[in-house]
Amino acid sequence: MSDSARSPLGALVKLAVTIVVAGALVAAMLLPWVGGTGLVARNSASLLDALPVELTDETPNGNATMVAADGTPITQFYDNNRTPMTHDQISDVMKQAIVDIEDSRFYQHNGLDIEGTTRALAKNLAAGEVLEGGSTLTQQLVKQTLLQTADDADERAAAAEESVGRKLKEARLALALEEEYSKDEILTRYLNIAYFGQGAYGIQSAAQKYFSVNAADLTLPQASVLAGLVQSPKFDPIAYPAEATARRDQVLNRMHELGHITDQELADVSAAPIPLAPGGNAPNGCIDATIGGFFCDYVTSYLTGTLGLSMDDIKDNGWTIQTTLRPDMQVAADQAVLKTQGMGDPIVGVYDAIEPGTGHVLAMSVNRRFGCGDPAAGCESVNFATIPTKGSGSTFKTFVAAAALEQGLPASHTITTSEPYTSRVYQGFNTDTAEYEPYSVGNVGNNYPNTLTMTQALYMSSNTYFLALEDALGRIEPAVRMAERLGMDFDYSVTQTPAEQIIAENRPSFAYGTDGVSPLDLANAYATIAASGVRCTPKPVLQILDRNGEPVTDDDGQPVVPADQCEQVVEPGLANTLAQMLRKDVEPGNRMQTGSRAYIPGHQIAGKTGTVNNNDSVTFVGMTPEYAASVMVFRPTGTDSVGGYGGGRPATIWHDAMLPILSAQPTAEFPAADPKYAGRGVDAPPTSARSSSSSSDDDRDSRRRNRTSSRDSSPAPAPVPATQPAPETAATPSTEAAPPVDPAAPQPDLDGDGQPG
C-alpha cells in the first residue's frame, strides 16, 4: 500500500478509535443520569450547570454596525464576518442539505448518535476518505462555539484537539444543549456559526460571498455547494472548483438517497457547473465607510477613548452604534469641500458641523479619502478635522471681544488707534534686534477708520483695535479663559498646557489666532455662542444597542453613552449680543465686512473670518441658531500661501455646504442683543476712514520689527532679561483686510475679505 493511501486510512483508524473510546466513556459517565434507548435525561439540571455562557446565548454575535442618526449604514466592525439569521431567514433547502450530509438523524437523536456515528465510520472506512461527519450537528456547534469564542491560543487549541477528553466534554455539552434548545434553534445556531471559508462566518455571509444572494434565497445548486464546504476549505468553489464540484455531487447523492430531491433534480444540478457569483466582503472599519470616513474615525476614538471601550468590545458583541451624523449634511459638506478644494490636493480643506445646545457632531468632511495613509493617492489617516494643526487667525478676536463684554466693556466700546498701533502693556520679540520691545501691529491695507466700536472692529477685523482692546483688559488671561469656557481645548502639551503658557507669557498675539487649533473645537466654541452661552461637549454617538435592541450598560447598569453634557458657561445676554455683533460680518449692508460670501438670503447667519501670517491657513466659522460649522483651508506642512483670505474659499465652502440644508427648513432667528452688553447699540456707522497714504515706509518697518510669533511673547509690562533665548520663528498677526466696498455692487475681482483676488 502506498504512503498516500496509508495516510488517510491511518487518520480514519485514529478517528475510529477516538470515537469508540469517547463513546464508551460517555456511556459510562452518563449511566447514572440516563436510561432507555433514547438517552432521555433524568437530571438535566446537572448537565445545564456545566454550560459555559457562550453556549447559553441563543445566537452568535454578529458584526457591529455603525449607522447615522437616521439609521443609514456607515460601516461594520468585525474579526469574523458574520450576520446572524433567524430560522425563517434561511432557505429550507439549505437546512435540508446540511442535515443530510452532516447529521441525517439530527431530528431523532438527543445530541449523541451512536447509530449514525457507527454508520458514518463504516462508510468512511470503506471509501478511504471522510464522506460523512462523525459528530452530530449539536456536537459540531459545541466545538465551533468554544473555538470561536476562545480568549487565547491555549483555549483555541483545547477546543480543537483530537483527544478523548475533548470528545467527552463535547458530548456532555451537546446533551445539555439538546435539553435547553429546540432542534430548529440548534440548527439555526449551527448555520450561523459555521465557517464557510473566504472569511465568511455563518450562512448569510457565505451566501453573499459565493453567490451574492441572501440566505433565504439559496437554491439547491447553491445550498449543495455550501453544505459540502463546511467540512473542509479544500472544497472552496472559488479556490478549488473541481474539488468543490465533486463534493457538491456527494451532497446531492446523499440528499437523493434520503429521498429529499428527485431524480430529475439530481441529474440537472449534477450536470451543471457551480453557479458562482462572488460578492465582496461586508465593509469593515472606517476605511470602508460608505459615508463620513473621518467622522467614523472620530467616533471610533470617542468609543475607545471617552467611553473606554475596547475594539474587542466593539467587534465581538453585535452592537448597533447609532451616531449623530446627518447624511444630508455630510453629503452637502463633501460636495462643498471638493468643489472648492479638490480631492487629495496638497492644500487641506476641512468642514466640521455641530448642533448648538446638544454638542451633536452633524458632519465632518476633509478633501481626502480616509485610511489608506497614502497622501499621493488622495488618502489620509490623520484626521485633520479633529486635531490641532494651523492657526485660525482672527476667529480668536471673538474670544477677546467676549472677555471684554464680560468685563463691562460694551459692544459700543469705542477706541481710537494709530496705524500701526503699539501696545502700552504687551511686549514682543524683535527678530532683527533679538530684543523684546513693545508689541506693535498694523492692519492690512490703509482704509480702516481710526475710531471704531467693538462691533465694527469685530466685523471689519481690525488688528489695531483688538490690540488696544487687549490693552484695556490689562492681561491676556481673561481672553484665554473665555476661549476655554466657550469650548476651545488648548491642552495639547505633555509638560505644560499651552493655555498656561500663553497666560504666563501674556501673549498679545492670542487675538490673532496663531496657535494651532482643532477645527472641531472651533466649531464647538461658536456653537456655544449660538446656544446663548450653553456649552456642550462634542458628542458623535446617540446610543449603543445590543443585538436585542437594548442599550448597552456599564457595570452600574447605566447606558455607556452618557446624556448630552451641557452647561451655561457665559450669561445668555452676553452670548446673544456677541451673536448679533457677528451677524454683521456676514449679512449684507455692513461696510467693510469680511464674511459676506457665506450669506444665504432669508437666514440669520453670524460668523468670523480668519487668516494667519503668510496666508498658509485661512478660516471661516459660521453659525445659525440651529447649526455651527467651521471651515479651515490650510497647508499641513510648509508656510506657502494658500491664496486668499478667510472670507474667500472657507466662506464659500460654508455657504455651499449650508445652502441645501437651510433652504429646506424655516428661518430661525438669534435672540436680541442684551442692552447690558450692547451699550449704545451695535449698529453705529464707522467713523471717517484714514487716508490710504497714512502709512509710511517707516511705519511698515516698525510693524515688521515688532510682530511676534505667538510662542515668543513675554509677560509685560516688566522688561525681559537679556538672557532669554530667542524664538525659533517669528510670525505676524492675522491679516484680515477690508477697504470700503459697496455691498450691493458686484465684486467679481474681490475675495471674501474684500481684498483683490
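Nonpolar atom fraction for the range 573-658, defined as the carbon and sulfur part of the 1.4 Å probe accessible area, stands at 44 percent.
Mind ranking K183, K676 by accessible surface for me, highest first, 1.4 Å probe?
I get K676, K183, largest accessible area first.
Placing a label point 7 Å from the Cα of D92 along the Cα-to-Cβ direction, the residues of the range 202-220 whose backbone N falls under 15 Å from that point are 216-220.
When H87, H603, H260 are compared by accessible surface with a 1.4 Å probe, the order from highest to lowest is H260, H87, H603. In the complete set of protein chains, residue-level accessible area for H413 is approximately 50 Å², probe 1.4 angstrom.
Under the Kirkwood approximation for Rh and a Cα-based Rg, what ratio Rg/Rh is obtained for the range 187-317? With Rg and the Kirkwood Rh in hand, the quotient comes to 1.13. Which entries in the list K143/K167; K397/K608; K95/K183; K169/K234; K143/K169; K209/K315 go over 18 Å, if you measure between the two C-alpha atoms of each? Long pairs (Cα-Cα over 18 Å): K169/K234; K209/K315. In whole angstrom, how far apart do the alpha carbon centroids of the range 492-568 and the range 638-652 sit? That distance is 27 Å.
Of the solvent-accessible surface of the range 272-319, computed with a 1.4 Å probe over protein heavy atoms with every protein chain present, carbon and sulfur atoms account for 50 percent. With the simple spin-label model, which puts each label point 7 Å out from Cα in the Cβ direction, the A153 to Q665 separation comes to 5.4 nm.
Taking all protein chains together and a 1.4 Å probe, the residues D515, D70 rank D70, D515 from largest to smallest accessible area.
Subtracting the Cα-Cα distance of D79 and D217 from 0.36 nm times their residue separation leaves 47.1 nm of extension gain.
The values are calculated or read from the model by the stated rules, or taken from the named source; none is laboratory data. Being a predicted model, the structure only gives us computed values, none of them experimental. Cβ sites come from the backbone with ideal geometry, for glycine too, and all protein chains shown count toward neighbours. Ligands, DNA and RNA are excluded from the accessible area calculation, which covers all protein heavy atoms including side chains. Shrake-Rupley method; radii C 1.70, N 1.55, O 1.52, S 1.80 Å.
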